[in-house]
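J.: Right, I'll just put the structure down here and ask away after.
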Amino acid sequence: MSLVTGSLMGSPWDEVAEYTKVAQRTGCDPAVWTVHVSSALAAHVVPLPSPELAQLLVSHLCWGNNVPLAWKYVERALAANIAPPMLLLALLSVRIIPSRCSKPVAYRLYLELIQRHAFIFTSQIKGPSFKKIMASINDVLHLSEKFGIQTSEPGVLVVEYVFSILWQLLDATLDDEGLQELTLEKKAKWICRPHDIEIDGEDAFDEKKTEYNEKLQKANTIMAIELIWHFLNHKVISKLLSLARENMPSHWGSFAQRLHLLATSSSALHSSTISVDKLQQFIQDIWKFGGEWKPSHHQEICTLISHGSLTSAGGCYHESTSGALWIPIELYLEDCLDASVAATDAIEVLSGLIKALRAVNGSTWHDAFLAIWMASLRLVQRERDPHEGPVPRLDTRLCMLLSITILSIANIIEEEEATIIDEAELSNQWKEKTAGGKCRKDLVSSLQILGDYESLLVPPLSVTSVANQAAAKAMMFVSGLTGGSGYLENVATSDKTVNCAGNMRHLIIEACISRNLLDTSAYFWPGYITARINQIPHSMPNQVPNWSALMKGAPLTSSMINALVATPASSLAELEKIFEIAINGSDDDKISAATILCGASLFRGWNIQEHTVRFVVKLLSPPVPVDYAEGESHLISHGPMLNVVLTGISSVDCVQIFSFHGLVPELAGALMAICEVFGSCFPNCGNLTIRHLNIAFWGMVLQLDHNSFPKLKTWYRQHQACLASTLSGLVHGTPVHQNVDALLNMMFRKFTKGGNQPVCPGTSGNSSLSSSSGPASDDSSFRPKLPAWDIMEAVPFVVDAALTACSHGRLYPRELATGLKDLADFLPASLATIVSYFSAEVTRGVWKPAFMNGTDWPSPAANLSTVEENIKRIVAATGVDVPSLAAGGSSLATLPLPLAAFVSLTITYKLDKASERFLNLAGPALENLAASCPWPSMPIVAALWAQKVKRWSDFLVFSASRTVFHHNNDAVVQLLRSCFTTTLGLCTQISSNGDVGGLLGHGFGSHFSGGLSPVAPGILYLRVYRCIKDIFSLTEDILSLLMDTVKDITESVVNKEWSDKMKKTKYGMKYGQVSLAAAMTQVKVAAALGATFVWLSGGSGIVQCLIQEILPSWFLSVHELDLEGGNGGMVYTLSGYALAYFAVLGGMFAWGIDSVSVSKRRPRVIASHMDFLSSVLDGKISLGCNWVLWRAYVSGFLGLVVQCAPYWVLEVDLHILKKLSQGLRRWKEDELALALLKRGGVEAMGAAAEVILSSE
């Protein structure tokens, strides 16, 4: 049915149609025709441009009146804007493109109309019928069906229209050159050929006409290609197409693949005016098409510079960043080593940090990877010779470098290469799928250049032989020798035939190769090996027990077990072999295999550590045997093996390694099952295993849900009740009371004196110990035969009774300590309850102090003054005053009674191998308990322990120095201020970009000349903040310090001398740009430092408070940052940018920048903050802060989010984005306004298109 019929029947369309036919027949001038038609439509009050007129003209033209004059009428209608160009050309496209071969002239004229009128939007979007026109275009081109976006929003339809017009031209061109079959779909997306057979008419028999048509067809193809290229480079059209790229990736990929085919296979392209190289380069960057948002002139501190851009001078968005900009990674790595147990996966956290900082710093992956290598190596070098004490040691630091860091990089590379494959699939570029991504190439380059940092690569003494083995492996490979892993496991470093000086880079490379991040071509890098060998040394042992022998079937003899415990496995297959033995072997072999898995493979098997830790966790949850009969738990039969595992993983380093790998939840779950089963058993089958559940393990267990474990749940509730209030409810004659009596009898029977000095449960008052009938003995008959849970339930009452007896003089302090030691030896897990009880009692403050006089209690007098002197030396760099430990030197040292009891308990242990595990656990507990007591409790404890264990002196004194900050909030602020000034080098010239060494130093200890040296402020803060209870106030302090720091930076850049120099020298502007660039870098470093401190100190919860509460309140308040007004407002601009970085980085650290947030908080917090910004921009909220600061903050915050965290925008409601965009446009920030909407996804595509069209 003709388009003239139906909606076009009747006046005025009959009149217009008839007039057009007459005018064409009489040769009426197109201008006259236009005037007549316009007048006729105006007489009938038809709004212009008229969609109906477009339909009428196309119906008239195709194909009954395909003559030049009819085309002129069409062109005049478009030029006079009486017919909508977009609709008319859409109608023509579906008619002419399929018939272009038989009607090349019509196609040529269509191309001319496209060139002139297709994308002139201004007059159309302002017309009254714009929405109706776009709906008609949707119907004609079937846009919603083709692109799968069901919407009637005009902006979205405009994007689809532009995309479809170009795609139709592209499909027609490929079809003309016979290339359509080379696409994966083997067909065009749009109709390129007529459905019916075309009859060419008389022209088909006219040779000259045929030749002319063929030439015209070729010319048309060339013109279509040139039009495609022109439109792709058109400012407005490219922006509209970028919305298609953002929101229709699969369609864009198909379009991109066709462009690629055109660039590589088109013969007409070479006859066009287009540079083939330029087109091919364009296609390589096809997924960046449309351009990325760049900071505007204002956002490059336009209030200070009226010419040029800071971008080119190393400005705030695209600079060559310095090492100080990566300080958050350094701080996080160091913070991981404080012996706390985290449920988070350090691999994921570190990956997120690297991605966030790379985005904010605008750096390459090469720079990002080099930064993480440097930070991890400094982490190792910072404690090359670590002080002794119950803290993580070198194994933990090496795990972070050689396992966690490398796995983090592996995650990033895997993610990038998965994205490359996805994009290749979208664009159907199958041949490019296997190509390595930029990340992998930059990893290689970063490791190659890492060899230049020789001082960082020197291995600690304890791993020198392992580094030499790694170098020897490469040397043998390059030399063409195959000694095998058996040789490498036993290579003698003193063997003169193997002169290989290994370093940390060799270990890093081996760890990367084992995870398929590199291949053995790394062995051939220049300088990687320093020598070659021509033969395997004759000293190589012929038959030695090692992993290779095990894989060949060698039995687990004692020598084999010792060898495998001392040597880490080199492959997953070896681990699987030993794990299989641990699960299915004989009882003896199970124990041996478990011992091996908890040996060197766990601690120093860096290349396969992520597998080892999981196998160890699996050992704690052995499978139920197939022939298992219901009765007692199957775990009972695995008791000896579980005992070995729990003993093997109880060290401080090992607990940290599990924490780094994110296995705390799994490990805690396995431990809960073990606790439930063995804690309910009597000693002969249970206590041997439960006794090894140390404090660290209990901390894991308490983090999880206990509902599936009734015994654990009951104990936990009682434990919480004991902490919350004083003990009560112990009823005489009950099983608990009887157990308490039994335990007290075990602990103190040898100290009772004829029953005259009873130690009784404090709440019963009438239970006493029977007198001892003989001298003390180790006879186990006095140990109660109780399940562990019954003992744990009684422990708080036992300790309360003992402490009460001591406070009333019925028990000597030394007897108290000995009794508590007997209890802890009997059930080490009870130590957790003892510590919790003492902590609660210290907080309640109901006990009289203990005088540490050397008679009743041990005295610290012998070295207390030395401890005080060393504390002052440690904190000297912060400028914090250390309170005197004893005014006038005459005051007696006192401790709260619970603390005195606990420190006396710890001193009773010998410092030998048997007690090492207990002391490693009791040490941190003692420190935490002392830290919660009044000053100078911890220095006194340090002095007492230093008398016993001199080699722990450094650790003890450092721990005591931390308590200076626990008791003085002003000292914490001073410490933070020292962190800022030291990092930024504000006492030096502004050209200093900060100093990682100044913030974190090089460790501490007596290995420095002159004894203990000042500890870097960053190290002090990382070891202090966990005891700060008011994190909200701490965050406000950090914010204030950040503003103070920006003022200091500003004063260092803009001062009288600088202003005079700007005025007097012709190079003033260039000088100013460089100085401002340096200042902006300093501001970024300061903001990153502050954001890191906030995030580490309070986690995502305090970051949420910062963004939702603290910052909005700060903006609503008045702040005078430039009282003298001497810097022209620069301090406000820099402060605004500092706060923007501060907020964005805090959010990035807490929630990441990936499409899936690590927390459900992110969408809510970001949306709330952006709503606050939009409300201020709308004038609904009045600010108290400076307007220049506010504008810098808003543009900086939104700019960083758009550029570095675009997924955040997707989580914000469209109406908020629209309000923000409108506010930015009022500020003339059109590009940022558009960029914000572009990141808003499909829902915001229409709004973004409208912004683009309005700026045409």
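The values are calculated or read from the model by the stated rules, or taken from the named source; none is laboratory data. Just so it is clear, the structure is predicted and the values come from calculations on it, not from any experiment. Cβ coordinates were reconstructed from backbone atoms using ideal geometry, including for glycine residues, and neighbour counts include every protein chain displayed. Surface areas here come from the heavy atoms of the whole protein model, side chains and all, with no ligands, DNA or RNA. Shrake-Rupley method; radii C 1.70, N 1.55, O 1.52, S 1.80 Å.
J.: Checking the a/c ratio against 1.5 first, then a/b against b/c, what shape does the Cα gyration tensor give for segment 63-110?
T.: Cα axes put segment 63-110 in the oblate bin.
J.: Assuming a ≥ b ≥ c are the square roots of the Cα gyration tensor eigenvalues, decide whether segment 39-195 counts as rounded (a/c under 1.5), prolate (otherwise, with a/b larger than b/c) or oblate.
T.: It comes out oblate by the Cα gyration axes.
J.: To continue, here is another question. For segment 807-954, what is the convex hull (Cα atoms) projected area averaged across all directions, in square nanometres?
T.: Here the figure is 9.4 nm², rounded to one decimal.
J.: Determine the relative contact order of segment 807-883: mean sequence separation of Cα pairs under 8 Å and six or more apart, normalised by residue count, in whole percent.
T.: Answer for segment 807-883 is 26 percent.
J.: Reported to two decimal places, what Rg/Rh ratio describes segment 594-653 when computed on Cα atoms with Rh from the Kirkwood expression?
T.: Expressed as Rg/Rh, it is 1.05.
J.: Full extension from D139 to D285: what is 0.36 nm times the residue separation minus their Cα-Cα distance, to one decimal in nm?
T.: Once the chain is fully extended between D139 and D285, it gains 49.3 nm.
J.: I've got another one for you. Contour minus end-to-end for H1119 and D627, with contour as 0.36 nm per residue of separation and end-to-end as the Cα-Cα distance?
T.: 169.6 nm
J.: Based on the mean of other Cβ atoms within 10 Å per residue, sort peptides 402-410, 518-526 so the most packed one is first.
T.: 402-410, 518-526
J.: Sticking with this one: Which residues' amide hydrogens lie under 5 Å from the amide hydrogen of T894, considering only partners 5 or more residues apart or on another chain, with H built in the peptide plane?
T.: For T894, the qualifying residues are M852.
J.: Could you let me know the centre-to-centre spacing of segment 1175-1210 and segment 662-676, using Cα atoms, in angstrom?
T.: Going from one Cα centre to the other spans 45 Å.
J.: If I stretch the segment between R1164 and E185 completely, what's the gain in nm (0.36 nm per residue apart, minus their alpha carbon distance), one decimal?
T.: Taking R1164 through E185 to full extension adds about 348.2 nm, to one decimal.
J.: Let me ask something else. Order these peptides, 801-812, 353-364, by their mean beta-carbon neighbour count within 10 angstrom, highest first.
T.: 353-364, 801-812
J.: May I ask you to derive the FRET efficiency for T726 and L911 from their Cβ-Cβ distance with R0 = 41 Å, giving the value to the nearest 0.05?
T.: It comes out at approximately 0.70.
J.: Please work out the FRET efficiency for the pair D588 and K278, using the Cβ-Cβ distance as r and a Förster radius of 60 Å; give the result to the nearest 0.05.
T.: Approximately 0.25, to the nearest 0.05.
J.: Shape verdict for segment 553-671, please, from the Cα gyration tensor: rounded (a/c under 1.5), prolate (a/b greater than b/c) or oblate.
T.: Oblate.
J.: Sticking with this structure for a sec: Mean separation of Cα pairs under 8 Å and 6+ residues apart, divided by the residue count of segment 595-644: what relative contact order is that in percent?
T.: Reported as a whole number, the value is 28 percent.
J.: Compare the peptides 938-945, 856-863 by average per-residue count of other Cβ atoms within 10 angstrom and give them in order, highest first.
T.: Highest-to-lowest ranking by the protection proxy: 938-945, 856-863.
J.: Then there is this: Could you work out how far apart the two model spin labels at S1182 and K441 are, taking each label as a point 7 Å from the Cα in the direction of the beta carbon, and quote it in nm?
T.: So the label points at S1182 and K441 sit 5.8 nm apart.
J.: Of the accessible area of segment 828-982, with the probe set at 1.4 angstrom, what percent is carbon plus sulfur?
T.: Answer for segment 828-982: carbon and sulfur cover 51 percent of the accessible area.
J.: Okay, next question. Which whole-number percentage describes the relative contact order of segment 569-663, with Cα contacts under 8 Å and a sequence gap of 6 or more?
T.: After rounding, I find 29 percent.
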